[in-house]
1. Under 8 Å between Cβ atoms, at least 6 apart or on separate chains: pull out the pairs that start in the stretch 33-46 with a residue that is at negative phi and end on any residue that is of a type in the set (S, T, N, Q) and in a loop (DSSP other than H, G, I, E, B).
2. Being assigned to a loop (DSSP other than H, G, I, E, B), within 23 Å of residue 147 (Cβ to Cβ) and not aliphatic (A, V, I, L, M) is the filter here, so list the residues in the stretch 86-106 that pass it.
3. I'm trying to understand the selection: among the residues of the stretch 150-164, which are touching a residue at least 40 places away in the same chain (Cβ under 8 Å), part of a helix (DSSP H, G or I) and either among the polar types (S, T, N, Q) or surrounded by 19 or more Cβ atoms within 10 Å (Cβ to Cβ) (or both)?
4. Do you know which residues across the stretch 1-17 are charged (D, E, K, R), under 16 Å from residue 260 (Cβ atoms) and either in contact with a Lys or Arg (Cβ under 7 Å, 6 or more places away or on another chain) or at pLDDT below 95 (or both)?
5. In the stretch 190-226, what residues are in contact with a Leu (Cβ under 8 Å, 6 or more places away or on another chain) and farther than 20 Å from residue 175 by Cα?
6. Across the stretch 61-81, what is the total count of residues that are in contact with a Ser or Thr (Cβ under 7 Å, 6 or more places away or on another chain) and in contact (Cβ under 8 Å) with a residue 40 or more places away in the chain?
7. Search the stretch 82-99 for residues being touching a residue at least 12 places away in the same chain (Cβ under 8 Å) and out of contact with any helix residue (DSSP H, G or I) (no Cβ under 7 Å at 6 or more places or on another chain), and hand back the single one that is farthest from residue 275 (Cα to Cα).
8. Which condition number in (1) at negative phi; (2) among the polar types (S, T, N, Q); (3) surrounded by fewer than 22 Cβ atoms within 10 Å (Cβ to Cβ) is the one that residue 147 fails?
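The values are calculated or read from the model by the stated rules, or taken from the named source; none is laboratory data. In this text the structure is predicted, and so the values were computed from the model without any measurement. Cβ atoms come from the backbone with ideal geometry, glycine included; neighbour counts cover every protein chain shown.
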Amino acid sequence: MRGEIILKAKIISGKSLASDLREKMKNDIEELRKKEIIPGLAVILVGDDPASRTYVNAKIRACKETGIHSVIYERPADIREDELISLINQLNQEDTIHGILVQLPLPSHISELKIIETISPEKDVDGFHPINIGKMMIGQTGFLPCTPLGIIQLVKSKNIDLTGKHVVVIGRSNIVGKPVGQLFLKENATVTYCHSKTKDLINITRQADILIVAIGKAKIINKDYIKKGAIVIDVGVNRLSDGSLSGDVDFEQVSQIAGYITPVPGGVGPMTITMLLSNTLLAAKGKKIGCSREFD
């Protein structure tokens, strides 16, 4: 049992950091309200996928807790693509809505890329629009993807100088893997990407000062993959047969080798939602977060 093991690694609690950041946001939101500006987030849920509904409900609760006005638009799974685009265009013109989020994945008959491109870049608080991704790549200010931004904040919360650190990213998705590497590159780290076609994966991950794991397979990374004292960020969330949640990292094994590690749950997840709130707040302020910006 995990409770019987004396952990060597220090825990990076996303839950704790997220709570602190949300408290600061409450003050900013209260100041905006005095100016009759209420940050507004529109969330579009297509279909009734249980996992998607769980994620959406968590985002709506977080908005309520911090004082962000949120509206959920539920649409059936068989909605036509043009109808969904029409809804987004309406929200693009709505002054009380500062951020628009379309919960992914979408039904197969709808192009996710086309939907993402329909969202105004100024309201793209998920940070997925090609314009915002392009700005991130060249160091201009724009909304950053929430999970990668949350990961950076988790590591920085431990006052770790990222300059020259070797960051290894396992995973190359557009949502996590690719952008998180770019954000670490912006912080002067040296970044290596690994994926399903990478040869001799263990030899590469053992060189990592910081290992980001975003694969989607429970406990696939054990202590053999880890350099002693490394920082391990587990992005995976997997439901086990007993109903419990597990990350992509074998927590019990890796925590005996790593210097820092994020738990699942309570690690990256709370920070992802918090960055969504932060982007929505910044949108309401008429600002955009920059690649190197720290939280005030």
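1. Partner pairs satisfying both residue conditions: 38/96; 40/96; 43/103; 44/103; 45/103; 46/103.
2. Result: 98, 103, 105.
3. If the condition is that a residue be touching a residue at least 40 places away in the same chain (Cβ under 8 Å), part of a helix (DSSP H, G or I) and either among the polar types (S, T, N, Q) or surrounded by 19 or more Cβ atoms within 10 Å (Cβ to Cβ) (or both), then 150, 151, 153, 154, 155 are the ones that fit.
4. 8
5. 205, 221, 225, 226 - these are the residues of the stretch 190-226 that are in contact with a Leu (Cβ under 8 Å, 6 or more places away or on another chain) and farther than 20 Å from residue 175 by Cα.
6. The total comes to 2.
7. Within the stretch 82-99, the match that is farthest from residue 275 (Cα to Cα) is 87.
8. Every condition holds for residue 147 apart from (3).
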